[in-house]
1. Please identify the pairs in which a residue from the stretch 306-333 that is touching a residue at least 40 places away in the same chain (Cβ under 8 Å) has its Cβ atom under 6 Å from the Cβ atom of a residue that is surrounded by fewer than 17 Cβ atoms within 10 Å (Cβ to Cβ) and of a type in the set (Asp, Glu), counting only partners at least 6 apart or on another chain.
2. Only one of Gly110, Gly176 is surrounded by fewer than 24 Cβ atoms within 10 Å (Cβ to Cβ) and more than 16 Å from the ligand (Cβ to nearest atom); which?
3. Taking Phe36 as meeting all but one of (1) surrounded by 22 or more Cβ atoms within 10 Å (Cβ to Cβ); (2) within 23 Å of the chain's Cα centre (by Cα); (3) among the aromatic types (Phe, Trp, Tyr), write down the number of the exception.
4. Residue by residue through the stretch 119-135, note down the ones that are over 12 Å from the mean Cα position of the chain (by Cα), outside the structural domain of Ile224 (by TED's automatic domain parsing) and within 16 Å of the ligand (Cβ to nearest atom).
5. Quick one: is Thr112 assigned to a helix (DSSP H, G or I) and without any contact (Cβ under 8 Å) to a residue 24 or more places away in the chain?
6. Does Asn79 satisfy the criteria of being away from the ligand (no atom under 16 Å from the Cβ) and either in the same structural domain as Gly324 (by TED's automatic domain parsing) or over 19 Å from Leu307 (Cα atoms) (or both)?
7. Which of the strands (runs of 3 or more DSSP E) contained wholly in the stretch 226-333 include at least 2 residues that are more than 21 Å from Tyr132 (Cβ to Cβ)?
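The values are calculated or read from the model by the stated rules, or taken from the named source; none is laboratory data. All of these numbers come straight from a predicted model, not from anything done at the bench. Virtual Cβ from ideal backbone geometry, glycine too; neighbours counted across all protein chains shown.
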Amino acid sequence: NRVWRLRKRPVGDITDDVLSLENEAIPEPGEGEILFRLNYLSLDPTNRIWMSDMEQYMEPVALDAPMRGVVCGTVIKSNTPEFKEGDIVSGIGTWADYQIGSSASVGLLGDTGDVPVIDAFGTLALVGPTAYFCLLDIGDPKPGETVVVSTAAGAVGALVGQIAKIKGCRAVGLTGSDEKCQWITEELGYDVAINYKTQDVGKALAEACPNGIDVYYDNVGGKILDECLKLMNLHGRIPTCGLISQYNATEPVPGPYNYDLILMHRLKIQGFIILDYMDRYPEALEALSGWMKEGKLKARLDVTDGLENALQAVKKLYTGDNMGKLMVRVKDV
Ligand code: NDP
């Protein structure tokens, strides 16, 4: 049983000495628990947050403990009537071949119909509901409004732009390569894509948003947030979904510099954590899978094979080398 353990808290980028891969005994489930085998491990920007001993929305992973992850697995042994052998579960687990779960940490993935389990897990377990609730509940986009999205070619951002289009909005995406820009405009229907690494972001945004910005879906914070603040319309909304530009920071990050515009333009900025929406998951799953069936919502997976490659793979999130939802495949179901 291979288990990745957190050995060191990262300073800056995730380095090879932060986690170690150990060979350990397969654990025994206690009363009310299950043993499951890992099929897919979702790699998420928040993995970096969990590695740090910083103020956050969950406990940080303890030093020497197995690394936490969003997982999909097959039940091998069950000591609870809630699950039976062979069930496919998903939820919060660890970076390990075999692990213990319970109804407090995982739930049934449910019947995915024609959708392969890997796609259902990749899109619907975390990033789909995040895009859905954070955009619609907090961003509250109205038809005809302009929605700007950062990390627009990423797992969450790709879906946010498409949902904005379904809701009749103009969608403008920022991402870090010309290939990603081309993909989000030609395949996903974004109206305009901006390469924030090569273009003047302020100028490009002003051109792309002639009527200003009504909703800025923030996945990055930093400079892009500041440029968007300048263009926000009166009563604009900024759902704060992520701050990936500062997850690897070694010093406190200054800004936003245009803070005064929150007052002047009566903006609403609200942080979002998907864990607060667990009881409303069925609503998102129904809408997202319906749009997927109708061909209105496309998703892309970026799959690395082998649990042993998880540490190298997770680094891609912070360099922008992933193209779609990043995950590790351990064993297909
Ligand atoms: P992505 O698939 O979008 O991968 C991360 C992407 O972030 C990279 O591909 C890269 O794309 C971009 N990026 C990396 N570093 C920077 C930087 N310094 N400045 C700007 N962009 C950068 O990951 P997810 O879709 O899973 O996550 C996107 C965001 O959503 C993250 O901030 C994450 O924390 C957040 N999130 C929040 C949740 C919540 O409940 N609040 C739940 C899930 C995700 P590029 O090539 O475009 O630079």
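1. Arg329/Asp305
2. Working: Gly176 fails: more than 16 Å from the ligand (Cβ to nearest atom).
Of Gly110, Gly176, the one residue that is surrounded by fewer than 24 Cβ atoms within 10 Å (Cβ to Cβ) and more than 16 Å from the ligand (Cβ to nearest atom) is Gly110.
3. (2)
4. Asp119, Phe121
5. Details: assigned to a helix (DSSP H, G or I): no; without any contact (Cβ under 8 Å) to a residue 24 or more places away in the chain: yes.
No: the conditions fail for Thr112.
6. For Asn79, the condition - away from the ligand (no atom under 16 Å from the Cβ) and either in the same structural domain as Gly324 (by TED's automatic domain parsing) or over 19 Å from Leu307 (Cα atoms) (or both) - is met.
7. The strands (runs of 3 or more DSSP E) meeting that bar are 232-240, 301-305, 325-329.
Let's see how each residue does on (1) in the same structural domain as Pro29 (by TED's automatic domain parsing); (2) crowded, with 24+ Cβ neighbours inside 10 Å:
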position: Ala104; (1), (2): yes, no
position: Asp137; (1), (2): no, no
position: Lys142; (1), (2): no, no
position: Thr146; (1), (2): no, yes
position: Val149; (1), (2): no, yes
position: Val156; (1), (2): no, yes
position: Gly161; (1), (2): no, yes
position: Lys167; (1), (2): no, no
